[in-house]
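Trainee: Here's a structure for you.
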Amino acid sequence: MVKLSLLLGASAAASAAAFAPANEARSSTALNAIDQKQIGVVQPLMLFDPLDMMADEEAFERRRNSEIKHGRIAMMAVIGNIAPQLGFHFPGYLSTSAGVKFEDVGYGFQALSKIPLFGVAQIVLFAGIMETVQWAQKPGMAPGDVGGEDWIRYEDEATKINKLNIELNNGRAAMMGITGLMMQEQVTGMGIVEQMSKW
């Protein structure tokens, strides 16, 4: 238990340092637009583009949209993986016809085998509609700005840059985190909560 406490404390300290906003030089145009190539340029690597992939403006915008989108999905995936392990479940049935309760589904790869095929189809259909209709990236909007007119947009440039850096860094960490959670589950056959409880 002492090892677990030390590990969690060290992880929390490292996480806090990793996501501290960096003081970046900002450039602005007459339209007060944010240079998207400076968002996500943080310590210690600063601008890391050894293959000069940022030279292609159109490809950069597509890649930035993908990075934000995958980061958002990964953040939800990490929560969706850990929450059931900690005992958080929706009440009731996932499928009344198949008799599957939410608490029976579990987490990770094993959950996919317990969801009825029609349920998986609904998830894929919902994701497709959100991707192509509701949250589609509209021309002229900043990367990741898909929330419509009611979406919170920060007028202050420094605040906006800070929020965008936080989102990108958390998304990057979550992409690595969910990858690690899935790999660890495949290698050990245990979820992260169960594995850490055995230390």
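Trainee: Yes or no: Gln184 touching a helix residue (DSSP H, G or I) at 6+ places or on another chain (Cβ under 9 Å) and at pLDDT 85 or above? I'd like the intermediate steps shown before the answer.
Mentor: Details: touching a helix residue (DSSP H, G or I) at 6+ places or on another chain (Cβ under 9 Å): yes; at pLDDT 85 or above: yes.
Considered against the rule, which asks whether it is touching a helix residue (DSSP H, G or I) at 6+ places or on another chain (Cβ under 9 Å) and at pLDDT 85 or above, Gln184 comes out as yes.
Trainee: OK, next. Just to be sure I understand, how many residues within the range 41-75 are free of Cβ contacts under 8 Å to residues at least 40 places away in the same chain, open to solvent by 70 Å² or more (accessible area, probe 1.4 Å) and not hydrophobic (A, V, I, L, M, F, W, C)?
Mentor: Summing the residues that are free of Cβ contacts under 8 Å to residues at least 40 places away in the same chain, open to solvent by 70 Å² or more (accessible area, probe 1.4 Å) and not hydrophobic (A, V, I, L, M, F, W, C) in the range 41-75 gives 9.
Trainee: Suppose we keep only residues that are closer than 22 Å to Gln195 by Cα, part of a loop (DSSP other than H, G, I, E, B) and free of Cβ contacts under 8 Å to residues at least 12 places away in the same chain within the range 79-136. Which one would you say is most open to solvent (accessible area, probe 1.4 Å)?
Mentor: Here the answer is Phe88.
Trainee: Pairs please, first residue from the range 170-187 and farther than 11 Å from Ala74 by Cβ, second anywhere and part of a helix (DSSP H, G or I) and of a type in the set (A, V, I, L, M, F, W, C), Cβ atoms under 6 Å, 6+ apart in sequence or on different chains.
Mentor: As it stands, the answer is none, since no pair meets every condition given.
Trainee: Among what's in the range 137-162 and is of a type in the set (Lys, Arg) and open to solvent by less than 90 Å² (accessible area, probe 1.4 Å), pick the residue that is nearest to Ile39 (Cα to Cα). If you could, list the steps in order and put the result at the bottom.
Mentor: Taking the range 137-162 and keeping what is of a type in the set (Lys, Arg), we get 138, 153, 160.
Still in the running and open to solvent by less than 90 Å² (accessible area, probe 1.4 Å): 153, 160.
On the way: Arg153: 16, Lys160: 10 Å.
The residue in question is Lys160.
The values are calculated or read from the model by the stated rules, or taken from the named source; none is laboratory data. From a predicted model like this one, the values you see are computed outputs, not experimental measurements. Cβ coordinates were reconstructed from backbone atoms using ideal geometry, including for glycine residues, and neighbour counts include every protein chain displayed. Ligands, DNA and RNA are excluded from the accessible area calculation, which covers all protein heavy atoms including side chains. Shrake-Rupley method; radii C 1.70, N 1.55, O 1.52, S 1.80 Å.
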